[in-house]
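The values are calculated or read from the model by the stated rules, or taken from the named source; none is laboratory data. Here the structure is a predicted model, which means the values were calculated and not measured. Quick reminder, even Gly has a Cβ in these numbers, built from the backbone with ideal geometry, and neighbours come from all protein chains shown. Note: accessible area is taken over every heavy atom of the protein model, side chains too, but ligands, DNA and RNA are not part of it. Shrake-Rupley method; radii C 1.70, N 1.55, O 1.52, S 1.80 Å.
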Amino acid sequence: MQINVTRSSVAPIEEYIKEIEPLWESRWLTNMGVKHNELEEKLREYLSVKNISLFTNGHLALESVIAALGLSGEAITTPFTFASTTQAIVRCGLTPVFCDIKPGDFTIDPDKIEALITEKTSAIIPVHVYGNICDVEKIEKIAKKHNLKVIYDAAHAFGVRVGEKGAADFGDASMLSFHATKVFNTIEGGAVAYHDDSLTDKLRMQKNFGMETQDSYPEVAGNAKLDEFRAAMGLCNLRHVDAEIEKRGRAVKRYIERLDGIDGVKVWKPQIGVKPNYAYFPVLFDKDKFGKSRDKIAAELAENNIFARKYFYPITSELECYAGRFEVQPTPNAKHAAENILTLPLYADLTPDEVDMICDIILL
Ligand SMILES: *Cc1c(COP(=O)(O)O)cnc(C)c1O
């Protein structure tokens with residue numbers, strides 16, 4: 001048997017078949033159909049956000065909102081993320097300016113942002129990495145003071161709540177990913193949650209070839225629509241997502257019981273005041289104290305058919321596609337995390353016995 005870092009959640013197949021059956025009648029398979037619109041409304045409620053716009057994936061959602069906000073120049077972001085965040089910034093013609101992270105929760109260090117602001121800066125694009133929420137208040141203050149837009153990469157933060165607020169409700173906009181490997185999936189899919197109503201038409205044009213009416217194309221844009229079949233998958237999976245998150249939480253509890261407090265092992269813990277979604281279970285290993293390096297542990301797990309992942313290595317400022325293109329400031333905390341962190345398998349169906357088996361190998 002093989003254990004991977006994640007395993008996609010799927011609703012019962014009968015439920016999905018029932019959901020897609022009407023599409024054989026309507027023959028409306030994509031282009032903002034009934035399922036798409038129903039999912040948009042249900043997600044708006046579930047996530048407690050003012051507005052939401054669905055996309056074919058999270059990456060194009062991020063590119064689309066960068067374009068819809070008309071950003072240019074420089075964007076301050078973190079290199080401790082999936083390649084997508086930085087690739088979106090660069091593909092939209094902006095220069096990424098890399099800010100270091102906090103060693104505790106791996107989110108952008110707000111105290112290091114202001115030193116990076118220049119007259120070319122138009123936005124801050126932080127990441128709620130592992131579902132850990134950024135210091136949104138400090139970031140908002142800085143953005144207001146310098147007249148910058150804030151877009152959160154909230155790909156990991158589906159369903160996370162900060163007090164009464166949904167995690168996708170901060171900043172000017174947040175990008176969500178509904179990729180198969182995420183806590184909630186539409187197979188591939190994503191969204192932009194946002195405040196300003198004037199973005200509604202702009203985002204719609206961004207996902208639909210820049211088209212305003214059949215005869216008018218005010219924007220240069222591509223195609224990033226979510227089709228009816230994937231929206232139907234989302235409607236089914238949304239009914240089960242709370243139960244899935246609860247089950248993930250049980251596996252996390254077991255991991256913490258087994259690994260917390262061991263010398264040289266720093267486990268993920270929920271932030272204070274935050275209702276987590278248990279999207280990932282990252283563990284930071286200190287080789288000198290624990291005796292084994294992150295890479296050694298990953299290799300030992302792999303020998304036992306258990307595939308953890310080095311999320312996130314390398315830091316995106318070191319991706320070879322950017323070599324020599326940008327002036328990169330050192331980000332020592334991000335670099336240290338990237339070299340020592342291992343994201344352990346975590347999904348709703350991961351049993352406590354499997355967690356024990358994984359921990360036994362790590363602690364051997
Ligand atoms: C998954 C992910 C994305 C991209 O989302 P897709 O839906 O796969 O395009 C972007 N940023 C982060 C941090 C991610 O984990």
Report, in listed order, any pair from LYS165/LYS335; LYS42/LYS102; LYS102/LYS266; LYS207/LYS247; LYS182/LYS335; LYS120/LYS165 with a Cα-Cα distance greater than 26 Å. LYS165/LYS335; LYS42/LYS102; LYS207/LYS247; LYS120/LYS165
Anisotropy class of the chain from Cα gyration tensor, a/c 1.5 cut: oblate
Could you list which residues have their amide H under 5 Å from that of VAL150, counting only those 5 or more apart in sequence or on another chain, with H placed in the peptide plane? ILE124, ASP172, ALA173
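With runs of 4+ DSSP H residues as the only contributors, calculate the mean residue ellipticity of the chain at 222 nm using -39,500 (n - 2.57) per run, divided by the residue total and rounded to the nearest 500. Kindly include the intermediate steps, with their values, before the conclusion.
Details: 12 runs with 133 residues, N = 364.
The helix-only estimate for the chain comes to -11000 deg cm²/dmol at 222 nm.
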For PHE281, other-chain or 5+-apart residues with amide H closer than 5 Å (H placed, Pro excluded) are LEU344
Proximal charge balance of ILE245 [Cβ under 12 Å; K/R count +1, D/E count -1]: +3
Report the semi-axes of the equivalent ellipsoid for the range 32-159 in whole Å, largest first, where each axis is √(5λ) for an eigenvalue λ of the Cα gyration tensor. 25, 17, 14
Give a residue-ordered list of calculated ³J(HN,Hα) values for the range 343-357 (Karplus: 6.51 cos²θ - 1.76 cosθ + 1.60, θ = phi - 60°; whole Hz; x for Gly, Pro). 9, 7, x, 7, 7, 4, 8, 5, 8, x, 5, 5, 4, 4, 4
Read phi for every residue in the range 263-268 and hand back ³J(HN,Hα) as whole Hz from Karplus 6.51 cos²θ - 1.76 cosθ + 1.60, θ = phi - 60°, with x for Gly and Pro. 4, x, 10, 10, 8, 5
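Of the beta bridges DSSP finds with both residues in the range 13-236, what % are antiparallel, to the nearest 5? Walk me through the numbers on the way to the answer.
Values: 15 of 29 bridges.
Given both bridge residues lie in the range 13-236, the antiparallel proportion sits at roughly 50 percent.
Can you sort PHE209, PHE184 by 1.4 Å-probe accessible area, starting with the largest?
Numbers: PHE209 100, PHE184 5 Å².
Ranking PHE209, PHE184 by accessible area, largest first, yields PHE209, PHE184.
Taking the highest mean first, how do the peptides 210-217, 193-200 order by number of other beta carbon atoms within 10 angstrom per residue?
Numbers: 210-217: 11.0, 193-200: 16.6.
Ranked by mean Cβ neighbours within 10 Å, highest first: 193-200, 210-217.
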In range of the label at THR351: residues from the range 1-40 whose backbone nitrogen is under 16 Å from the point 7 Å along Cα→Cβ: 1-4
Under the Karplus curve 6.51 cos²θ - 1.76 cosθ + 1.60, θ = phi - 60°, whole-Hz ³J(HN,Hα) for the range 18-33, x wherever Gly or Pro sits: 4, 5, 8, 3, x, 5, 6, 6, 6, 6, 9, 9, 7, 6, 6, x
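Quick one: Kirkwood hydrodynamic radius for the range 45-112, alpha-carbon pairs, angstrom, one decimal?
When all Cα pairs of the range 45-112 are included, the Kirkwood radius is 13.4 Å.
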Low-density loop cleavage sites - GluC sites (Glu not before Pro) in the range 289-364, where at most 16 other Cβ are within 10 Å (DSSP): GLU327
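What length, rounded to one decimal in nm, is gained on full extension from MET211 through to ILE262, with 0.36 nm per residue of separation minus their alpha-carbon distance?
On the way: separation 51, 0.36 × 51 = 18.36 nm, distance 5.71 nm.
Gain on extension, MET211 to ILE262, equals 12.6 nm.
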Report the semi-axes of the equivalent ellipsoid for the range 240-363 in whole Å, largest first, where each axis is √(5λ) for an eigenvalue λ of the Cα gyration tensor. 27, 19, 14
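If you take all C-alpha pairs in the range 1-82, what percent of them are over 17 Å apart? Display every interim value, and only then the final one.
Values: 2330 of 3321 pairs.
Everything past 17 Å amounts to 70 percent.
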